Amino acid sequence: MATSFSSLPIVDVSALKQPEPSDGDIGALSAQLYDVFATTGFAYIVNAPLSFDHAEIFRLAKEFFALDSGTKMKLAKKSFQPGHANTYRGYFPTQPHLALDNLKEGFEIGSRTTSYESLPSPSQDKINLSEPNVWPNKELFAAQARLEQLYEELQTFASQLLSLLAVSLGKAPDFFCSWLVDPLSTLRLLHYPPVPQDPKTVLDEGPVKLSCTPHTDSGILTLLYQDSTGGLEVLNASGDWIPAPSVPGSIVVNIGDLMAQVSNGRLTATMHRVRAPRPKPSSSGDAFGRFSIPFFFEPGEACIVTPVDGDDEVVIYGEHVRKKMSTWVEFQDDSGYDTASTTG
């Protein structure tokens, strides 16, 4: 359960950069991660073993969202472009006409190495969770290879964190390895355009304007790159929304619903939200809004998940995430119809 924290802790994981971290380093880091995720559910991670810096990651996001609307809509999911085949991966535009909190556009990619031939047919479902990625023409967008590499590095890093959490829960480091077959992990590029001052165009929660309503994440872990605009807030046990501003060089990591469930509540999935950005004049007069890049670390669709303490309750991850998706407005079409439903 989350405590009455007043800020997010910072965890240095530089030990993971070593080819063979010592048992002492692994034990200490595992214990530290357990402490922060059991009491806060969120942490700033610094010195992660990744080859990308923040400047490049946000440059890649800006490069994508700078594409013209027609090019981006060629990648739009079927709920936005009925003639398209992609239902889960690809682009989604802002939808202020459906939900006043959905003031963001996004582009989502999954694994490029998933063995699609080994997966069950999605014919009974309206959303194919394990479908291939879609990409812009390489002549218009040359960053595909770098984003694919970023995905792979984040998947590897998140797997290292999961191994540390296994140790912290009294299990072997490879306890969760079966979760990582054909993972549904998603790298999501998000752009929150500046919010107009017209109160009809934003969600009004008292004096607070939101571009993402309070929620918890569905999977194992979320790794988030946020820009200097900020906006992320985390709910503590006293009911206070605690700002989580950008810390240079850090990745915000939080526990998802699935990890909280399989740990029997020892690790906590903490409610969080995003304040709407306001236009900020730059030296050039441009106002871009806010960018963030979350990586949702998830098991495979067919993964059978059991609690670490041997409880009889099991979860098939594909079923778990579909239930969660029914509340996501980016998986509703213009009529508000629930496209994530598996009921025909």
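Each row is one residue, and each column tells you yes or no for (1) under 18 Å from residue 155 (Cα atoms); (2) of a type in the set (D, E, K, R).
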{"residue": "29", "(1), (2)": "no, no"}
{"residue": "37", "(1), (2)": "no, no"}
{"residue": "53", "(1), (2)": "yes, yes"}
{"residue": "57", "(1), (2)": "yes, no"}
{"residue": "73", "(1), (2)": "no, no"}
{"residue": "76", "(1), (2)": "no, no"}
{"residue": "81", "(1), (2)": "no, no"}
{"residue": "84", "(1), (2)": "no, no"}
| field | segment 245-301, subset in a strand (DSSP E or B) and at pLDDT below 90, residue nearest to the chain's Cα centre (by Cα) | value | 274
| request: Having 1 or more residues that are at pLDDT 95 or above, among the hydrophobic types (A, V, I, L, M, F, W, C) and crowded, with 18+ Cβ neighbours inside 10 Å is the bar; report the strands (runs of 3 or more DSSP E) wholly within segment 1-120 that clear it. | output: 10-12, 42-46, 105-109
| note | Condition set polar (S, T, N, Q) and loosely packed, with under 15 Cβ neighbours inside 10 Å, scope segment 312-335, selection modelled with the lowest pLDDT: answer is 335
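The values are calculated or read from the model by the stated rules, or taken from the named source; none is laboratory data. Note that the structure is a prediction, hence the values are computed from the model and not measured. A quick note on method: Cβ atoms are made from the backbone with ideal geometry, for glycine too, and the neighbour counts reach across all protein chains shown.
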